[in-house]
Amino acid sequence: MTKKELRILFKEKRAALNAIEREKMHDLILIQFQRLPIEIPSNIMTYAAFENEFDPQIIVDYCNFKNPDQTISMPVVSTQNNEMKSMLVDVDTIFNLNLYGIPEPESKIEIQPNKLEMVLVPLLAFDMNGSRVGYGKGYYDRFLKKCNSNVIKIGFSYFDPCDNITDTNENDVPLNYCITPKNHYSFTS
């Protein structure tokens with residue numbers, strides 16, 4: 001299926017889930033995350049949940065428990081230059097909604113992409129090759145290309161992967177892992 005077709009399909013599937021189903025899936029996704037063969041790093045970029053997508057706060061809380069000295073950052077997008085920055089957040093950070101209705105931090109401290117060790121990546125769908133379907137603006141793909149080649153890129157989905165996203169291209173950056181309630185998928189070689 002194409003990215004456009006998958007966006008429509010998975011937005012509908014996600015919207016059909018009720019809050020109780022999503023909450024159960026969050027717990028199962030955390031269990032699958034804990035099974036990953038990785039060390040919890042010190043510099044993690046996460047995201048604010050949007051339109052009923054998986055809220056990674058449970059993952060961030062677990063990572064903080066395992067590594068209390070970590071640095072957490074979140075994205076801020078610029079529609080003027082179509083770029084995304086990773087900005088430091090803490091318990092005192094103030095958030096405002098951006099043009100897309102996504103909470104962004106007011107932080108003044110940017111974390112350079114090459115300093116990040118793990119990026120939690122939002123998605124609508126993914127395939128068996130680690131390709132993902134986002135919201136179509138390309139912010140994450142452009143940002144991830146600026147990160148070190150060894151950064152761990154993890155997506156989260158309530159649903160199993162599709163076989164193949166038919167219209168991926170050289171600008172798409174694949175995930176290393178994707179976590180679902182039933183499984184964790186590894187795309188590392």
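The values are calculated or read from the model by the stated rules, or taken from the named source; none is laboratory data. Since this is a predicted model, take the numbers as computed values, not measurements. We place every Cβ from the backbone using ideal geometry, glycine too, and count neighbours over all the protein chains shown.
Within the bounds of the range 61-70, is there any residue that is in contact with a helix residue (DSSP H, G or I) (Cβ under 9 Å, 6 or more places away or on another chain), at pLDDT below 95 and not charged (D, E, K, R)? Among the residues of the range 61-70, at least one is in contact with a helix residue (DSSP H, G or I) (Cβ under 9 Å, 6 or more places away or on another chain), at pLDDT below 95 and not charged (D, E, K, R), which makes the answer yes. Considering only the range 27-44, I want to know if a residue exists there that is hydroxyl-bearing (Ser, Thr, Tyr) and over 16 Å from Pro161 (Cα atoms). Scanning the range 27-44 turns up at least one residue that is hydroxyl-bearing (Ser, Thr, Tyr) and over 16 Å from Pro161 (Cα atoms). Could you look through the range 166-189, keep only residues that are touching a helix residue (DSSP H, G or I) at 6+ places or on another chain (Cβ under 6 Å), part of a loop (DSSP other than H, G, I, E, B) and in contact (Cβ under 8 Å) with a residue 60 or more places away in the chain, and pick out the one that is farthest from Lys24 (Cα to Cα)? Once the filter is applied, the top-ranked residue is Asp167.
Tallying residues that are under 13 Å from Thr46 (Cβ atoms), at pLDDT 95 or above and either part of a loop (DSSP other than H, G, I, E, B) or over 18 Å from the mean Cα position of the chain (by Cα) (or both) within the range 96-118 yields 2. Pairs are defined by a Cβ separation below 6 Å, a sequence spacing of at least 6 or placement on different chains, a first member in the range 41-59 that is closer than 16 Å to Ile31 by Cβ, and a second member that is of a type outside the set (D, E, K, R) and not in a loop (DSSP other than H, G, I, E, B); the pairs so defined are Phe54/Phe156; Pro56/Leu120; Ile58/His26; Ile58/Leu30; Ile59/Phe33.
Of everything in the range 18-51 that is among the polar types (S, T, N, Q) and in contact with a Leu (Cβ under 7 Å, 6 or more places away or on another chain), the residue that is surrounded by the fewest Cβ atoms within 10 Å (Cβ to Cβ) is Asn43.
Among the residues of the range 1-51, those that are among the hydrophobic types (A, V, I, L, M, F, W, C), assigned to a helix (DSSP H, G or I) and either over 15 Å from the mean Cα position of the chain (by Cα) or at pLDDT below 95 (or both) comprise Leu6, Ile8, Leu9, Phe10, Ala15, Ala19, Ile20, Met25, Leu28, Ile31. Taking first residues from the range 67-88 that are more than 16 Å from Ile102 (Cβ to Cβ) and partners that are outside any strand (DSSP E or B), the Cβ contacts under 6 Å between residues at least 6 apart in sequence or on separate chains come to Asn67/Ile40; Gln70/Ser42; Leu88/Ser107; Leu88/Ile109.
Identify the single condition in (1) within 14 Å of the chain's Cα centre (by Cα); (2) assigned to a strand (DSSP E or B) that Asp141 does not satisfy, given that it satisfies every other one. Every listed condition holds for Asp141 apart from (2).
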